[in-house]
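Report on the following structure.
The values are calculated or read from the model by the stated rules, or taken from the named source; none is laboratory data. Keep in mind it's a predicted model, so treat the numbers as computed, not measured. Virtual Cβ from ideal backbone geometry, glycine too; neighbours counted across all protein chains shown.
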Amino acid sequence: GCNSSCELQEARLRLPILAEEQVIMEAVREKECVVLCGETGSGKTTQVPQFLYEAGYASSGGIIGVTEPRRVAAISMSHRVATEMNLPSGVVSYQIRYEGNVTENTKIKFMTDGVLLKEIQKDFLLQKYSVVIIDEAHERSVYTDILIGLLSRIVPLRNKKGLPMKLIIMSATLRVEDFTENKRLFRTPPPVIKVEARQFAVTVHFNKRTPVDNYTGEAFRKICKIHRMLPPGGILVFLTGQAEVHSVCRRLRKAFPYRPHREHTGTQTHLALTKHPLCLTSRAGSRKGGSLPRINLDSYSALPVDEGDEDRQAGIDDNDNEGSDLELGDHPDKEKADPSIPLYVLPLYSLLAPEQQAKVFSPPPTGARLCVVATNVAETSLTIPGIKYVVDCGRVKKRFYDRVTGVSSFKVTWISQASANQRAGRAGRTEPGHCYRLYSSAVFGDFSLFSEAEITRRPVDDLVLQMKDLNIEKVVNFPFPTPPSSEVLISAEQLLISLGALEEPPRRGRARLSCPITPLGRAMAAFPVAPRYAKMLALGRQQGCMPYIITIVAAMTVREIFEDYDRPAGSEEENTKMAGKKARCVQMRRLWAGQGQSVQLGDLMVLLGAVGACEFAGCTHQFCEENGLRYKAMLEIRRLRGQLTNAVNAVCSDAGVYVDNKMAPPTASQVLCLRQIVLAGLGDHIARRVQAEELLDPKWRNGYKTPLLDDPVFIHPSSALHKTLPEFVVYQEIMETTKMYMRGVCAVQAE
Ligand code: ADP
Ligand code: MG
């Protein structure tokens, strides 16, 4: 028989990219930059680093660097490549924002794109690397775009200095003109190598009608049908967010109960193996049931600034009825499925713990059908083996950001045609497959052709500061693959000037965007957080406030630290349990908000109190569970506190701050000081309560006025200041849900 590493080698040899090894390596040898296009699953990420390694690119001092826009991919691809090459993780390693296993012996390094950008700040020529691979360039993440712009300059510089370096840009789509036909980026267009993927035919089935909002119900019904009627083969379902994923997983486990497995979220219904007549214990395989999964803290990851947005706003979910529409559809396959086959249901989304994510790569228990219910993360970054059926809701959850007002909102929108085709393609990797689109062909025809580059959809103050710190004076002239609008660049620059990170321009008008960075700006750029928070850190040394500011900033940038108990539960019993938890959570928030002066810090005091209490208790899973805190968020805050503490000590060698897990609450004068520091970072995020005489229109009741918005904004009922309604407040951001709500509210002294 063949052992597992031999099977792995066989699978490797079947990858389409193997046929192109020589073509690729020849191009890399001859050109500074090569663009490589190949369908997801063709072997780009796992094989190209190995080609380079075998060709000696890591043997004469330099190493091979691979950037990924997603942390999930950086971690899992480093593991995969290490396994395929039979090398330890100290040689094929990864580095993400908070963690990594890079050693002196590292030869291949997978990292998030943000990590490489930070390295450019330390060594503009990236002399450590002999090759840099920019992976998933089609995703057009902001850092990827910036890296390509910078590397287009770094690579020729390196060659001029006699320290040759190669750049490989890899994309899952053929849409690479923004890189190849952009003369400002590459004067001579880099060669494009296409890898022909062995793609089997995927039959696309459109719905006749398009469900307006109940697409999770529709997805559920479709999965049930596929599982009951169609021959063996894994199912991959695309939904938009974590809450939807869990709700569909729950319903599927209820409909096809066989697995008495308890997820760490603790919301699954327990069903004994023997309860279901179709469930044959022997078929369920040898999976252990009942015991809690172990959570390996070492491999916990957190997300870059915008990654995982699809998961951050839970609660966009429908209240559909349990689907019973299971009649036979007109499916083309003649083969009959065995309805007694168990369904092995797995969730997949960015915020899921890595060891839970890794489950999708191992084969399902013998005889069971795999069903992965995923968010957009499964579209291109990860290839799940054995998928034959794709169910595509046609939507994606995205964060929208209003350029003028700064209001953020999460919206579920239609995907692009390119995305829809990517999703469909996932069904034809190992044999012909089927894609069930939960929308009509007419609706598909109205989709935009491609998704927009991220840089056109978010504020860029952090990028502008980092670029200024790299001494890129005129950000407008930077060779962006897709330039952000000048409007966005100007508002970023204005914010940075108001924070003191950039000097005022000498003249208005003509000299825009050439204002130099200040010493304060340099210090701020050293902190791995957005400029507003960096400013708070830069001011944190007064009155012993630094540990508090570090904690507040860490908690603010991790964003959602509270568990969401508003999502629809599966059963009465669960609903009651959730209501109990919610009540406890409300009580704890009130406690954490403190008394006396500290109440004025509002939601920020709640953050401080929550982190303080959690760390005092040893930051255990149990403490979080009992007090409505997201364990994963608290671990992220812990790491970030450590990292920010180091950064503060590095910028300012006599700061002498350390992470104190038995932090006493701030004194009254410290609270006052903290409020001033917070105001310095959020000075443009100020809101004033409307006065009685302005209350002509009832919509302004309890409303606040901000300088830029015509409509009122509100303090959310879950905020610590909801009852107090101070006259002046600053807020972290405005999030539009049912109303425009301020998040992270802190009272400002009216003077
Ligand atoms: P690409 O980057 O072109 O999308 P990859 O190199 O990521 O392709 O994947 C190539 C193949 O390796 C895929 O068919 C996938 O199934 C397999 N593969 C990748 N990662 C893993 C993993 N962690 N476990 C099992 N198979 C994997
Ligand atoms: Mg890949």
For the subset of the range 165-175 comprising residues that are within 22 Å of Pro484 (Cβ to Cβ) and surrounded by fewer than 22 Cβ atoms within 10 Å (Cβ to Cβ), which member is farthest from ligand 1 (Cβ to nearest atom)?
Arg175
Would the range 150-164 turn up any residue that is within 14 Å of ligand 1 (Cβ to nearest atom), part of a loop (DSSP other than H, G, I, E, B) and either at pLDDT below 95 or among the aliphatic types (A, V, I, L, M) (or both)?
no
Residues that are more than 10 Å from ligand 2 (Cβ to nearest atom) and at pLDDT 95 or above, drawn from the range 63-76
Ile63, Ile64, Gly65, Thr67
Does Arg589 count as of a type in the set (Lys, Arg), under 30 Å from Gly406 (Cβ atoms) and touching a strand residue (DSSP E or B) at 6+ places or on another chain (Cβ under 9 Å)?
yes
Members of the range 613-646 that are touching a Pro at 6+ places or on another chain (Cβ under 9 Å) and surrounded by fewer than 20 Cβ atoms within 10 Å (Cβ to Cβ):
Gln643
Identify all residues within the range 165-176 that are assigned to a loop (DSSP other than H, G, I, E, B), within 16 Å of ligand 2 (Cβ to nearest atom) and of a type in the set (A, V, I, L, M, F, W, C); write none if there are none.
Ala172, Leu174, Val176
Please give the number of the condition Lys398 fails out of (1) modelled with pLDDT under 90; (2) among the charged types (D, E, K, R); (3) not in a strand (DSSP E or B).
(3)
Which condition number in (1) aromatic (Phe, Trp, Tyr); (2) at pLDDT below 95; (3) within 16 Å of Arg12 (Cα to Cα) is the one that Tyr98 fails?
(3)
Looking at Pro232, Pro211, Pro190, which one is modelled with pLDDT of 95 or more and more than 16 Å from ligand 1 (Cβ to nearest atom)?
Pro190
With respect to the numbered conditions (1) more than 26 Å from Cys746 (Cα to Cα); (2) touching a residue at least 24 places away in the same chain (Cβ under 8 Å); (3) crowded, with 16+ Cβ neighbours inside 10 Å; (4) not basic (Lys, Arg), which one is the sole condition not fulfilled by Ser571?
(3)
Can you tell me how many residues within the range 177-224 are part of a helix (DSSP H, G or I) and among the polar types (S, T, N, Q)?
2
Among (1) within 16 Å of ligand 2 (Cβ to nearest atom); (2) modelled with pLDDT of 90 or more; (3) closer than 30 Å to Met740 by Cα, which single condition is Val360 missing?
(3)
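Could you pull out every one of the helices (runs of 4 or more DSSP H) wholly within the range 9-104 that has 3 or more residues that are without any contact (Cβ under 8 Å) to a residue 60 or more places away in the chain, surrounded by fewer than 19 Cβ atoms within 10 Å (Cβ to Cβ) and more than 15 Å from ligand 1 (Cβ to nearest atom)?
Here the list reads 21-30.
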Checking Arg140 against (1) within 16 Å of ligand 2 (Cβ to nearest atom); (2) crowded, with 21+ Cβ neighbours inside 10 Å; (3) at negative phi: exactly one of these is not met. Which one?
(3)
Would you check if there is a residue in the range 435-452 being closer than 30 Å to Ile517 by Cβ and either in contact (Cβ under 8 Å) with a residue 12 or more places away in the chain or out of contact with any helix residue (DSSP H, G or I) (no Cβ under 6 Å at 6 or more places or on another chain) (or both)?
yes
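For Ala610, indicate whether it is modelled with pLDDT of 90 or more, surrounded by fewer than 16 Cβ atoms within 10 Å (Cβ to Cβ) and in contact with a Phe, Trp or Tyr (Cβ under 9 Å, 6 or more places away or on another chain).
No, not satisfied.
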Which residue out of Val412, Val373, Val345, Val443 is in a strand (DSSP E or B) and within 25 Å of Arg175 (Cα to Cα)?
Val412
Arg369 more than 30 Å from Asp684 (Cα to Cα) and touching a Leu at 6+ places or on another chain (Cβ under 6 Å)
yes
